[in-house]
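Right, one structure below, let's go through it.
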Amino acid sequence: MTVPPFLTDVDFISATVPTLMGTPPQQVNLTVDISGATLAAYAYDCVLCAGPASFDSSLSSTFKSSNTPWNASTPSFSGTDVTDTVGFGGLVDVADQSFVNINVGSSADFASTIWNGHLGLFPSPLNATSASTHLLTRLYQSSSLLNPVIGMRFDPANPKLTIGALDPNDYAGTINWVEMTKYPDSNGDYYNTFNLDGVKGYNGEFVPFGRNLTAALSSRESRTNGGLSLFLSIALPNAGTYFLNPNFTGPIPIPIELDPQLDIYQYNCTPDSSAAPSAPPQSPYVALSASINGVDYQIDSANNLLRPPVLTSGHCPVGINNRSDTLTPNVVFGLPFLRSVYVAYRFPTDTCPGYYGFAFPSGSNRTQSQISQTPTSTPTNSAQCLSLSAPTSTPTANVVLAQELIASKETYGVYERPWAEQVSLLGVDDMPNIVWNWTDVS
């Protein structure tokens, strides 16, 4: 998994995962979405698609197109339903996996949030047919996976996605498992919801947002019921309750204020002449923790909740937004939260529902007292659904990509750049030799 070193409001900041597609495989670094299900790759000839990688169906011997337009297509973002072999790392894959081959990607909404394609890691709980054909479900049903689980680290210190097992070296403390909502509100903004104790401020007290809260995780900007998710922030109901109370914010040396026009919280962070204007700010410190099943998870301030200046405004946004939407969930935990915790997802199978597991990332600046916290309760059916097998070995793979197979064995110089390093050419070995026919007229 690849993630940016810090969050910013003006650049592409979503995580991407190398995904192998086709036969022979092509590596496409798909944009990760943990709240959606769609699997899609940008076509080689896609119009205005964003990102440096794409999928060339002409290179795959197992590619099949249904010639049916994707049912969610719009004039500015459209594609075709197709199938091909899809997998990860050359170790696990499934044949005839359905996905969308995007051929038009001019939508401004997605240009900065989806690069190369889309890897939806959340099988829809509202559509059994869709869930049964999801990539994760099919990998598990084909016995390619040891367990129906994935582990995720979005922090830049050690970003990683493990599939089929959890690596104990990736987290510290006990995994805090919580059962996800079995029957989420079909009209809600998110379907990957779970119960939340609340959020706490600087004083360690709950910010009074009410009781029986629901929360969801969001790693990428997406459209659900016509609304844009707040994946770049923590979305709280009535966020002013937090910002206007110094007991929650703590001793902030620089006032954080709401910009009524942009509807974002920000502070004056005009850099001095010696500071790099694009560097992530370090102050004021934003104190916020999420309390889940009796365990408090600190959300890192620097590089996550704090943003670099927006253009030349001299103001830095804070990654906490007001969620005025009355639809579920009450709270949305975007990238600032995901980059501060370790997240496991046990996806639904047979009689087991979905579960999220939370822990502290190994190597993070967490105290032993934080790591030693214990969950309030254990989910029902834990013995049946959460008894995960540990791998006995670490597999290795030798993947030869399609691009490597068609690259020339011989290297060539670059025209009018004699100093440049020689390069391989794609497809040059398949070109017919030139036959010169000439007549000596001397």
message: Can you confirm whether G319 is open to solvent by 30 Å² or more (accessible area, probe 1.4 Å), modelled with pLDDT of 80 or more, under 29 Å from G188 (Cα atoms) and small (G, A, S)?
response: no
query: Does any residue of segment 349-363 turn out to be open to solvent by 30 Å² or more (accessible area, probe 1.4 Å), in contact (Cβ under 8 Å) with a residue 12 or more places away in the chain, closer than 30 Å to L306 by Cβ and not charged (D, E, K, R)?
result: yes
message: Among the residues of segment 98-114, what is the count of those that are surrounded by 23 or more Cβ atoms within 10 Å (Cβ to Cβ) and not in a strand (DSSP E or B)?
response: 1
query: Considering segment 338-348 alone, what residues qualify as being open to solvent by 10 Å² or more (accessible area, probe 1.4 Å) and touching a strand residue (DSSP E or B) at 6+ places or on another chain (Cβ under 7 Å)?
result: R346
task: Could you please give the count of residues in segment 417-438 that are more than 42 Å from the chain's Cα centre (by Cα) and on the phi > 0 side of the Ramachandran plot?
output: 0
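Residues checked against (1) farther than 17 Å from L327 by Cβ; (2) open to solvent by 10 Å² or more (accessible area, probe 1.4 Å); (3) hydrophobic (A, V, I, L, M, F, W, C); (4) at pLDDT 95 or above:
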{"position": "S142", "(1), (2), (3), (4)": "yes, yes, no, yes"}
{"position": "L146", "(1), (2), (3), (4)": "yes, yes, yes, yes"}
{"position": "G151", "(1), (2), (3), (4)": "yes, no, no, yes"}
{"position": "P159", "(1), (2), (3), (4)": "yes, yes, no, yes"}
{"position": "R223", "(1), (2), (3), (4)": "no, yes, no, no"}
{"position": "L232", "(1), (2), (3), (4)": "yes, yes, yes, no"}
{"position": "Y242", "(1), (2), (3), (4)": "yes, no, no, no"}
{"position": "P253", "(1), (2), (3), (4)": "yes, yes, no, no"}
task: Would you be able to say whether some residue in segment 83-90 is over 26 Å from V3 (Cβ atoms), at pLDDT 95 or above and touching a Lys or Arg at 6+ places or on another chain (Cβ under 9 Å)?
output: yes
message: of a type outside the set (S, T, N, Q) and surrounded by fewer than 21 Cβ atoms within 10 Å (Cβ to Cβ): is that true of V310 in this structure?
response: yes
task: List the number of the failed condition for A279; all other conditions in (1) at pLDDT below 70; (2) surrounded by 13 or more Cβ atoms within 10 Å (Cβ to Cβ); (3) out of contact with any strand residue (DSSP E or B) (no Cβ under 6 Å at 6 or more places or on another chain) hold.
output: (2)
task: Please give the strands (runs of 3 or more DSSP E) falling wholly within segment 4-55 in which 3 or more residues are out of contact with any Leu (no Cβ under 7 Å at 6 or more places or on another chain) and open to solvent by 10 Å² or more (accessible area, probe 1.4 Å).
output: 39-47
- prompt: Of all residues in segment 73-92, which are buried (at least 16 other Cβ atoms within 10 Å of the Cβ), aliphatic (A, V, I, L, M) and more than 15 Å from L119 (Cβ to Cβ)?
  reply: V82
query: Does any residue of segment 387-394 turn out to be touching a Leu at 6+ places or on another chain (Cβ under 9 Å), open to solvent by less than 20 Å² (accessible area, probe 1.4 Å) and of a type in the set (A, V, I, L, M, F, W, C)?
result: no
- line: Of the candidates Q368, Q384, the one satisfying the condition of being of a type in the set (S, T, N, Q), within 30 Å of A302 (Cβ to Cβ) and open to solvent by 80 Å² or more (accessible area, probe 1.4 Å) is Q368
Of the criteria (1) modelled with pLDDT under 95; (2) in a loop (DSSP other than H, G, I, E, B); (3) surrounded by fewer than 17 Cβ atoms within 10 Å (Cβ to Cβ), which one T129 fails: (2)
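The values are calculated or read from the model by the stated rules, or taken from the named source; none is laboratory data. Since this is a predicted model, take the numbers as computed values, not measurements. Note that we place each Cβ from the backbone using ideal geometry, even for glycine, and neighbour counts take in every protein chain shown. Surface areas here come from the heavy atoms of the whole protein model, side chains and all, with no ligands, DNA or RNA. Shrake-Rupley method; radii C 1.70, N 1.55, O 1.52, S 1.80 Å.
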